[in-house]
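For reference, the structure is listed below as structure tokens.
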Amino acid sequence: MNAPLYEVGAFGDTASLGFALVLGIAFGWFLERGGMGNANKLAGQFYLTDLAVFKVMFSAIVTTLLGVFWLSELGWLDLPLVFVPPTFAIPQLLGGVVFGLGFVMGGLCPGTSCVSASTGKTDGLMVMAGMLFGVFAFNEMFPLVERIYRSTPMGSITLPELLDIPFGVAVFVVVAVALAGFRAAEWFEARA
């Protein structure tokens, strides 16, 4: 049977939500066990003293990328059925800036704030409260920002399409950048 399993009808909505719940809890548990619910550890990212977040997230990206590539090459994953959300360049750039500012100010990102809050840490609860307030405020202000929100649509574009290179070449480039990034992270941490 080919994947993605949901798209090919291997299971329905209820099973899909069940898998999402189990995977979400497992992801949160591993984040917490890795110390990613600690705002001080995450703040080390911005001081270049503890780049564990960079290493964990880039490892996850590379692992997923290699899995998708090889499963597709082996014919076990029907790549055109994998959902790629549409790109809106300016709104997503602005969202990244807001996300980054929130991360710097709170010391936690959305996922790690949930992990932190689940262990009873006040900073995690406060960041989650800030996120919920931000979601509410954005919803209320949406008519004012809708034009920006819908600007610069690029469709569902992937890195190989953007760079006009084969998928395998894009995988090689991302893995090479990741390896160089891991080396640089070790260098920065050693100097700190």
State whether the residues of region 135-148 include one that is in a helix (DSSP H, G or I) and in contact with a Ser or Thr (Cβ under 8 Å, 6 or more places away or on another chain).
-> no
Would you mention how many residues in region 80-98 are under 21 Å from PRO160 (Cβ atoms), touching a residue at least 60 places away in the same chain (Cβ under 8 Å) and assigned to a helix (DSSP H, G or I)?
-> 2
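This table checks each residue for (1) surrounded by fewer than 13 Cβ atoms within 10 Å (Cβ to Cβ); (2) touching a helix residue (DSSP H, G or I) at 6+ places or on another chain (Cβ under 6 Å); (3) among the hydroxyl-bearing types (Ser, Thr, Tyr).
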position	(1), (2), (3)
ALA129	yes, no, no
LEU132	yes, no, no
VAL135	yes, no, no
ASN139	yes, no, no
LEU144	yes, no, no
THR152	yes, yes, yes
ALA170	no, yes, no
Among the residues of region 12-40, count how many are touching a helix residue (DSSP H, G or I) at 6+ places or on another chain (Cβ under 8 Å) and either free of Cβ contacts under 8 Å to residues at least 12 places away in the same chain or not in a helix (DSSP H, G or I) (or both).
-> 5
Test result for LEU77, more than 26 Å from VAL115 (Cα to Cα) and either free of Cβ contacts under 8 Å to residues at least 60 places away in the same chain or hydrophobic (A, V, I, L, M, F, W, C) (or both) = yes
Could you figure out which of (1) at pLDDT 95 or above; (2) in contact with a Ser or Thr (Cβ under 6 Å, 6 or more places away or on another chain); (3) under 23 Å from THR64 (Cβ atoms); (4) not polar (S, T, N, Q) isn't true of ILE157?
-> (1)
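The values are calculated or read from the model by the stated rules, or taken from the named source; none is laboratory data. Only a predicted model underlies this, so the values are computations on that prediction, with no experimental measurement involved. Don't worry about glycine lacking a Cβ; one is built from the backbone with ideal geometry, like all the others, and counts go over all protein chains shown.
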